[in-house]
Amino acid sequence: MVLDTDLLSSFAWVNRADILCAMFSKNMVVPEEVLVELQRIQHIFEKIQKCVSDGHMGTVEFITGSPEATEYFLLVDSGIYGSGEAACMAYLKHHPGTMGSNNLADVFNYCQQNTRRLITTCDILLEACRISFITRATANSIWEGMIRKRRRLPSSTFDGYLALKGIVL
């Protein structure tokens, strides 16, 4: 799974990157361009860098002239995508995997066109509840923390999201 800035930030802002590490350890990569974006807020970067240092997440850097680098520059030059999103999409164009992003407006169609799965913060919290890694009350608390940190989520509460989707836990 390749992770975008907004998804990583959602968990880091509420000090719950541990959920990502526990559920997807050694199955996550973060493009260098995403790490550069994360450096804009040092404490967020440090939380994600700890996951990398602890071996839960890998990093990927594009080699000049590689298919990934070529695709990255095409996406960035289009003016539609930010550098982190473009890096994730360029990586996925040439490698199997899943995109971890909340930015549905930008990446949903790209994932569909390239037959790649898209997973969001909502999906991860839901799965964490389903496997009993966290409780529903904890998911609501995390969700509310994300909302306070101005993360864009489809409902004001996790319970509201479940109701919106017709999901019973």
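Results, tabulated for the structure shown:
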read-out: Segment 129-148, residues that are surrounded by 13 or more Cβ atoms within 10 Å (Cβ to Cβ), assigned to a loop (DSSP other than H, G, I, E, B) and of a type outside the set (Phe, Trp, Tyr); value: Ile134
read-out: Of all residues in segment 52-69 being in contact (Cβ under 8 Å) with a residue 12 or more places away in the chain and in a helix (DSSP H, G or I), the one that is surrounded by the fewest Cβ atoms within 10 Å (Cβ to Cβ); value: Pro67
read-out: Residues satisfying the stated conditions in segment 25-40, i.e. more than 16 Å from His94 (Cβ to Cβ), in contact (Cβ under 8 Å) with a residue 24 or more places away in the chain, of a type outside the set (Lys, Arg) and out of contact with any strand residue (DSSP E or B) (no Cβ under 6 Å at 6 or more places or on another chain); value: Ser25, Asn27, Val34, Leu35, Val36, Glu37, Leu38
read-out: Residues that are assigned to a helix (DSSP H, G or I) and either surrounded by 13 or more Cβ atoms within 10 Å (Cβ to Cβ) or acidic (Asp, Glu) (or both), drawn from segment 94-114; value: His94, Leu104, Asp106, Val107, Phe108, Tyr110, Cys111
read-out: Selection count, segment 63-119, where residues are β-branched (Val, Ile, Thr) and over 13 Å from the mean Cα position of the chain (by Cα); value: 6
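Quick note: the coordinates plus some simple rules give every number you see, no bench work behind them. Worth saying up front: this structure is predicted, and the values here are computed from it rather than measured. Counting neighbours? That spans all protein chains shown, and the Cβs are built from the backbone with ideal geometry, glycine included.
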